[in-house]
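The values are calculated or read from the model by the stated rules, or taken from the named source; none is laboratory data. Since the model is a prediction, treat every value here as computed from it, not as a measurement. Neighbour counts are summed over all protein chains in view; Cβ atoms, including those assigned to glycine, are modelled from backbone coordinates with ideal geometry. To get the accessible areas, we keep the full protein, side chains included, count just its heavy atoms, and leave off ligands, DNA and RNA. Shrake-Rupley method; radii C 1.70, N 1.55, O 1.52, S 1.80 Å.
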Amino acid sequence: KSERELLRFARENADYILDTSLSSTAQLKEKIADLFLSDTSQKLLVSVMSFGFKYGLPAEADLVFDVRCLPNPFYIAELRDRTGLEKSVRDYVFQQPQTGGLVTRLLDLIDYLLPLYREEGKTQLTIAVGCTGGQHRSVAITRALADFIKQKGYQATENHRDMTRA
């Protein structure tokens, strides 16, 4: 009773009042999302990150993809000190025949999974793409993956955890 009295002013001035007495956490999340997100695709924020396996797996990752199977630009002298954000490195990575097959399958999988995660009520998803040092292949693939997710109408952020490590 004293708590209700203390909060009376807030309740009288509130724009929304949600009775959570009989709600699960998932139901509350859904109610809040319905109130504040007009586009259902916005209910899932996807973070796509590149990383280097030699620095360890990102603890926050929900999905981890290993692209060390692709030819490594590190062994090309003029590309060694560049990153996957630069055209010359991206061109090298995406000109490899293995890259086309891997990226096609990865995009198909992500396209299939995102609606399932959204329907399950997940609001954040972190996809990590790793290569040896996190500077070349994983960065280029992460950029392409983030662009694809945005084209599908989802909110996506991109970050490169280990790109500038030497």
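Listing for the model above:
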{"item": "For the chain, alpha-carbon Rg relative to the globular expectation (2.2 N^0.38 Å, N residues)", "result": "1.37"}
{"item": "Those GluC sites (Glu not before Pro) in the range 17-91 that DSSP places in a loop and that have at most 13 other beta carbons within 10 Å", "result": "GLU60, GLU78"}
{"item": "Span from the the range 1-40 Cα centroid across to the the range 102-166 one, whole angstrom", "result": "33 Å"}
{"item": "Solvent-accessible area, 1.4 Å probe, carbon plus sulfur percent, for the chain", "result": "51 percent"}
{"item": "Per residue, in Å², the accessible surface of the range 1-146 once ligands and nucleic acids are set aside, probe 1.4 Å", "result": "62 Å²"}
{"item": "Relative packing of 11-21, 103-113, 49-59, which averages over residues the other C-beta atoms within 10 Å, highest first", "result": "49-59, 103-113, 11-21"}
{"item": "Label-point gap, in nm, between ASN159 and ALA77 - each point 7 angstrom along Cα→Cβ", "result": "3.7 nm"}
{"item": "Shape call, the range 82-143: gyration tensor on alpha carbons, a/c limit 1.5", "result": "prolate"}
{"item": "Separation of the SER88 and LEU57 label points, Cα + 7 Å toward Cβ, nm", "result": "3.5 nm"}
{"item": "Calculated FRET value between GLU120 and LEU7, using beta carbons and R₀ = 25 Å, to 0.05", "result": "0.15"}
{"item": "Of LYS43/LYS87; LYS122/LYS150; LYS29/LYS122, pairs whose Cα-Cα distance is over 21 Å", "result": "LYS43/LYS87"}
{"item": "Relative contact order [Cα under 8 Å, 6+ residues apart], the chain, whole percent", "result": "39 percent"}
{"item": "Order by protection proxy (mean Cβ within 10 Å, highest first), peptides 121-131, 136-146", "result": "136-146, 121-131"}
